[in-house]
């Protein structure tokens, strides 16, 4: 669970820019955030940072052992070796996951409904899928999954998976190419999940070895055993290339089916298409029938493709019981010998002491089985050596060597009959050579520009396998074709080895007369008599020029002609020479402008300008008058969350005129829903977000309530030539629940020449 604590400080910033705006003051706003992630792992070796405010996810309660007098309903045990999964934070997806890279374990949990995965690339754990060995899905926090389609597609090293009852469908490609998958635990005890065709397609399943059963072991709950086994038997495992072995066990504690008899036979396998020996096994299933399995010793598949039900066949066993002659199932005797009752221990419970377990019949309390089950394990690897340890007690459960995947080199020549390639284990580097026989065909190969080689050739390793001979190319020539402005070419190809190259020769060109082409060039034709190439040769015009004459206020021109007949007029901007400025009127001065290249001459007029403020035109010296006043662009007011008001202390109106000016009027108007109130107003009692503002400038204060007011000036505000008027301003503002960034006031100043 995530906790976020926030603290906000109200800040208010006013900006006076001839228009007054309001925006937040960053220095007064602050936020404190504390994020506490829930614990996501129960392993002793898995550590996470915690904070004092984090909320613990409650652990699964321990299950008390039933007494001999009780007949408990078997319950599914909690998922083995699954850490508490973190609850999703606000705004996150329902699914959360964590991968233990050291152990190859993927933990999946979350809360709520999970969306569908449409391809293997959409897997949240796609980047680590080939490192996944164990999968545990927890629905402790209410996770629901419509389908696990594509969830574990491509997890080639996945060996063990636990699927909770909240998963409603084993979807398409759920376990695609999971060639190492050996244990699948289905915790469904109420509803049978939907098995979608193609969920278990395996390209390269593990092969049957001496002492090793490669079939996928599927364990199901006792409470739904018949329905689950029927669904598993109806699935097309052969179509998915995935041999399977299914079993029901109380508390999912054992693989073994309840077999009591088996025989050997020889027959034709419909799967591996060979005549082979196979084991016929009769497995007690229900009170009414048993199932018949025929395990092929070659491929490991059931000859019937699944479980085939068959009614019990009874014979007299003793005075109390009849016994099925195939599976050994006992029932009450029907021959008048007294009869009896048989407890078949359909309902069992498990008692644990560390990793040691004891299975008892829920009906009679008999000890049915016992052993050591380390449950969830982790694997430590050293190269290709692997060691499997129990998560609970740390004991060594299993070990072995698992080479692969293998890396293969390229085929290379070995001798006259064979080629070879080197392959090695990517884990430990152990490798060897693989050999195969050459393919043989006569092949011509280019050797150089003049010869080819030929002899017996292998297409796999790309080498000649016998003697190699050499001969000159036998060329066939194509037609000459143009390949550019300077050359033509033809293709020559060897009819035996296919070697080809181009032969290049320069054009033999004949030229025509120069003719006009454009304003800058003339051209002539160039034709090759060998390949038919034709093009134009271009050159720039060679001109004769006339005299310059004026044609406009900006340009003069002259004629120019070329020997090819092209003629035009060249226009060039005047090269101007400027005279001195002289007064022309009260507002203007002028000067002469003449061209040094032709007879062009004209007057240039300009406006008087006094940039240095001396009352005279800068260019011609004419005496002039200027009215120029600089008003500040922006004046800021900042209001803190405590109500203090801060204003700028360097604002002023500057007189740049040639004489004194005075301010005769100041008008203030509100904007964006704000209301002007008297500056003397007490804002402490005003409702929050009332958007009221009182304003004062150089002693002039707002005194009315409304949208606009002409301030009453206490005296004439005059500014001498070259001087400035400092602006002292202030405001009172009603409280705001949020920071404001908007225009609130517009201030208009009226300025005139000062009266002498």
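Annotations
- Normalised by 2.2 N^0.38 Å, where N counts its residues, the alpha-carbon radius of gyration of region 485-540 equals 1.66.
- Theoretical FRET efficiency, 1/(1+(r/R0)^6), r = Cβ-Cβ of residue 544 and residue 577, R0 25 Å, to 0.05: 0.30
- In this calculation the C-beta distance from residue 681 to residue 626 is compared with R0 = 51 Å, giving a FRET efficiency of 0.75.
- Added length on full extension, which subtracts the Cα-Cα distance from 0.36 nm per residue, residue 393 to residue 517: 35.0 nm
- Stretching the chain fully between residue 238 and residue 401 yields a gain of 55.8 nm (0.36 nm per residue, less the alpha carbon separation).
- Taking 7 Å steps out from each Cα toward its Cβ at residue 721 and residue 645 produces label points 3.8 nm apart.
- Over region 543-624, the reciprocal of the mean inverse Cα-Cα separation, the Kirkwood hydrodynamic radius, stands at 15.2 Å.
- With a simple spin-label model that places each label point 7 Å from the Cα along the Cα-to-Cβ direction, the separation between residue 612 and residue 130 comes to 8.2 nm.
- Each of the peptides 725-732, 560-567, 173-180 was scored by the mean count of other Cβ atoms within 10 Å over its residues; in descending order, highest first, they stand as 173-180, 725-732, 560-567.
- Within region 629-753, the percentage of alpha carbon pairs spaced more than 25 angstrom apart rounds to 27%.
Read-outs throughout are calculated quantities, based only on the coordinates presented, and are distinct from any laboratory measurement. Since the model is a prediction, treat every value here as computed from it, not as a measurement. Please note: Cβ atoms are built from the backbone with ideal geometry, for glycine as well, and neighbour counts cover all protein chains shown.
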